[in-house]
Amino acid sequence: MKQYPTPWRQVFALTPHIWQKTRYSVKTFTEQSLPCLEPIPQIEGLENLPPSPAFVLAPNHYQRPGLWILHPCSVITVALQRHYNLPDPPIRWVVTANWPPLKIGPWELPSPGDWLLPRVAHALHCYPVSFAGTNPALTARTYRTLLKDAKTLDRPLGIFPEGVAGTAFQMAPPLPRVERLFVTLAKLGLPVVPCGMHETDRLVVRFGPAISPAELQSAPNAADLIMARIRTLRLTTEARDH
């Protein structure tokens, strides 16, 4: 499969912001990361996007060796920024911002990612959360901020229902308790736009029709409903392309 280079220039541009705890332009970061993606990704389903950019975007977590999750996130961010002419940052992503502890024999040491990743998330205007159960205080603080911001949301909020468990080769079940977050956001009036990603000779990103707040609240499990719509988008485009 095609190997996409890491946009090191943009990664290094984050360094002063990581140290100083300042913000960096997500628009600049993502637009200048796109040249690493050749051939040009295929964007489909823009006609399915709601008139208002105030919605939750739910893509599958598409990552593999040679295709960092940064690549599809950049494609999605730039596509939505251009479609809606969004301000910076075009999307507020929810990201995992710690790593499992390091284990050396009988000893367990904190991961350097516990210091680094929250700073990266802050620099790129993201909402940092932890691996399930590893830092519930961090996740709780982030969700309180996220829900407060969601009341006046004027741009998409990006959430991967699978967390980091999903890969390019296999989708994973939705994270525990993410269903509650989707329902809470639906009660604030936010629909969910599913987004399915796969590869042919290039990365393919397809936006599906929005799932209304009423449908999310009435579903037996909102996260399962969202994952089913994402899976349908992937299967439909894969079957067509083959």
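The values are calculated or read from the model by the stated rules, or taken from the named source; none is laboratory data. Just so it is clear, the structure is predicted and the values come from calculations on it, not from any experiment. Using ideal geometry, Cβ is built from the backbone for each residue, glycine included, and neighbour counts are taken over all protein chains shown.
Given the conditions (1) more than 18 Å from the chain's Cα centre (by Cα); (2) among the acidic types (Asp, Glu); (3) surrounded by 14 or more Cβ atoms within 10 Å (Cβ to Cβ), report the number of the one that Glu108 does not fulfil.
Here Glu108 meets the rest and fails (3).
I'd like the full set of residues that are assigned to a helix (DSSP H, G or I) and either surrounded by fewer than 16 Cβ atoms within 10 Å (Cβ to Cβ) or on the phi > 0 side of the Ramachandran plot (or both), limited to the range 120-136.
Pro136
More than 12 Å from Arg92 (Cβ to Cβ) and of a type in the set (A, V, I, L, M, F, W, C) - does that describe any residue in the range 143-153?
Scanning the range 143-153, I find at least one residue that is more than 12 Å from Arg92 (Cβ to Cβ) and of a type in the set (A, V, I, L, M, F, W, C), so the answer is yes.
Results for (1) crowded, with 17+ Cβ neighbours inside 10 Å; (2) in a loop (DSSP other than H, G, I, E, B); (3) in contact with an Asp or Glu (Cβ under 6 Å, 6 or more places away or on another chain), shown as yes or no for each residue.
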site: Pro118; (1), (2), (3): yes, no, no
site: Leu138; (1), (2), (3): no, no, no
site: Thr142; (1), (2), (3): yes, no, no
site: Phe160; (1), (2), (3): yes, yes, no
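Is there a residue in the range 214-233 that is touching a strand residue (DSSP E or B) at 6+ places or on another chain (Cβ under 6 Å), at pLDDT 95 or above and small (Gly, Ala, Ser)?
No, every residue in the range 214-233 fails to be touching a strand residue (DSSP E or B) at 6+ places or on another chain (Cβ under 6 Å), at pLDDT 95 or above and small (Gly, Ala, Ser).
For (1) under 20 Å from Ser74 (Cβ atoms); (2) of a type outside the set (Val, Ile, Thr), each residue gets a yes or a no:
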{"residue": "Val178", "(1), (2)": "no, no"}
{"residue": "Val183", "(1), (2)": "no, no"}
{"residue": "Lys187", "(1), (2)": "no, yes"}
{"residue": "Arg202", "(1), (2)": "yes, yes"}
{"residue": "Asn221", "(1), (2)": "no, yes"}
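Only residues that are assigned to a helix (DSSP H, G or I), surrounded by fewer than 16 Cβ atoms within 10 Å (Cβ to Cβ) and touching a residue at least 24 places away in the same chain (Cβ under 8 Å): list them for the range 36-60, please.
Leu46, Asn48
Please work out which one of (1) under 17 Å from Leu175 (Cβ atoms); (2) under 17 Å from the mean Cα position of the chain (by Cα); (3) of a type in the set (A, V, I, L, M) is the condition Ala140 fails and give its number.
(2)
Suppose we keep only residues that are within 18 Å of the chain's Cα centre (by Cα) and not in a strand (DSSP E or B) within the range 187-208. Which one would you say is surrounded by the fewest Cβ atoms within 10 Å (Cβ to Cβ)?
Applying the first criterion (within 18 Å of the chain's Cα centre (by Cα)) to the range 187-208 yields 190-199, 203-208.
Imposing the further condition that a residue be not in a strand (DSSP E or B) reduces the set to 190-191, 208.
Values: Leu190: 22, Pro191: 19, Gly208: 21.
Among those that are within 18 Å of the chain's Cα centre (by Cα) and not in a strand (DSSP E or B), it is Pro191.
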